[in-house]
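Below: one structure, written as structure tokens.
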2 protein chains.
Amino acid sequence: MSDLAAALDIVGSRWALLIVERLLDGPQRYGDLQRDLGAPTNMLATRLRELEAAGVLYRIPLKHNTRAYALTDRGLALRAAIEALGGWAAEKS
Amino acid sequence: MSDLAAALDIVGSRWALLIVERLLDGPQRYGDLQRDLGAPTNMLATRLRELEAAGVLYRIPLKHNTRAYALTDRGLALRAAIEALGGWAAEKS
């Protein structure tokens, strides 16, 4: 399997990369992620669990039974790839 | 929609990025792409049509009713993003 295929096994879903992009700005509450991304809640919860298991992000328990998510160093290392993809779309074709 | 979301609308499927990665080495015959990627043939044909419509690659007719595919300049511009994703997976986590 190529390195790219290995990366896509972890962040190959549309929502996964959009979640990581959102967290590049700093930790986010679950409800804020859901609102900002417009992701179906089951989809968001599933992607967050997968990304947590892959060591890309971690969960921060908050008061009142809420939680937030933040990127690990491994997750922060995705910044270059995400900026390159966004930059590609922003280029005039 | 963010630039990243726009990029994922075009190359957000696993196979799309793997096809583009393969074509970064130069034009490839359909049959070689299919063999190298191990993609189901309907999947490959669909992704190729989408990427052609998006201006990422173009079709090169060959003799004997075969065809090859090559990246446009727009497709070649994905190199940085693909290398960044592959590099991320290759890093020790």
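Loop-resident trypsin sites (Lys or Arg not before Pro) (DSSP state other than H, G, I, E or B) in the stretch A:35-71 with no more than 15 further Cβ atoms inside 10 Å of their Cβ: A:K63.
Per-residue ellipticity at 222 nm, computed for chain B from helices alone with -39500 (n - 2.57) per DSSP H run of at least four residues, works out to -17000 deg cm²/dmol.
May I ask for the angle, rounded to the nearest 10°, between helix A:79-90 and the longest principal axis of chain A, with both axes built from Cα atoms and the value confined to 0 to 90°? Tilt of helix A:79-90: around 60 degrees. Between A:R35 and B:R67, the modelled label-to-label distance comes to 4.7 nm, taking each label 7 Å out from Cα in the direction of the beta carbon. Per residue of A:72-83, other chain Cβ atoms within 10 Å of the residue Cβ number 4 on average.
Rounded to the nearest 20 debye, the dipole magnitude of the protein assembly as shown is 420 debye, with +1 charges on Lys and Arg beta carbons, -1 on Asp and Glu beta carbons, and the Cα centre as origin.
How many angstrom separate the Cα center of the stretch B:11-61 from the Cα center of the stretch A:1-42? Taking the Cα centre of each part, the stretch B:11-61 and the stretch A:1-42 sit 25 Å apart.
Against the main long axis of the alpha-carbon atoms of chain A, helix A:14-23 sits at an angle near 70°. Volume of the convex hull of the stretch A:42-93 (Cα atoms only), normalised per residue: 108 Å³.
Across the copies of the chain, B:D36 has label points (7 Å from Cα along Cα→Cβ) spaced 3.8 nm apart, shortest distance listed first. Net charge in the neighbourhood of A:G86 (other residues with Cβ under 13 Å of its Cβ; Lys, Arg +1, Asp, Glu -1) is -3.
Kindly give the distances from A:A77 to its copy-mates, label point to label point, with each label point 7 Å from Cα along Cα→Cβ, as nm values to one decimal ordered shortest first. Ordered by increasing distance: 2.9 nm.
For the protein assembly as shown, evaluate the Debye formula with one uniform point scatterer on each Cα (no solvent term) and list log10 I(q)/I(0) at q = 0.16, 0.19 Å⁻¹, rounded to two decimals. For the protein assembly as shown, the Cα-only Debye profile gives -0.97, -1.25.
Distances between equivalent label points of A:D9 across the copies, with each point positioned 7 Å along Cα→Cβ, amount to 3.2 nm, shortest listed first. One residue of chain B places its C-beta nearer than any other to the axis carrying B onto A; that residue and its whole-Å distance are B:A84, 2.
Assuming a viscosity of 0.890 mPa s and a temperature of 25 °C, what translational diffusion coefficient in µm² per second does Stokes-Einstein assign to chain B, Rh being the Kirkwood radius over Cα pairs? Once the numbers are plugged in, D ends up at 178 µm²/s.
Using a cutoff of 8 angstrom between alpha carbon atoms and counting only pairs six or more residues apart, the relative contact order for the stretch A:3-90 works out to 31 percent. A simple rule links phi to the HN-Hα coupling: the Karplus curve 6.51 cos²θ - 1.76 cosθ + 1.60 with θ = phi - 60°, which for the stretch A:63-74 gives 5, 6, 6, 10, 8, 10, 10, 9, 6, 6, 4, 4 Hz, with x for Gly and Pro.
Since every read-out is calculated from the coordinates, none of them should be taken as a lab result. Source: prediction; values computed, not measured. Glycine also receives a Cβ, built like all others from the backbone with ideal geometry; neighbour counts cover every protein chain displayed.
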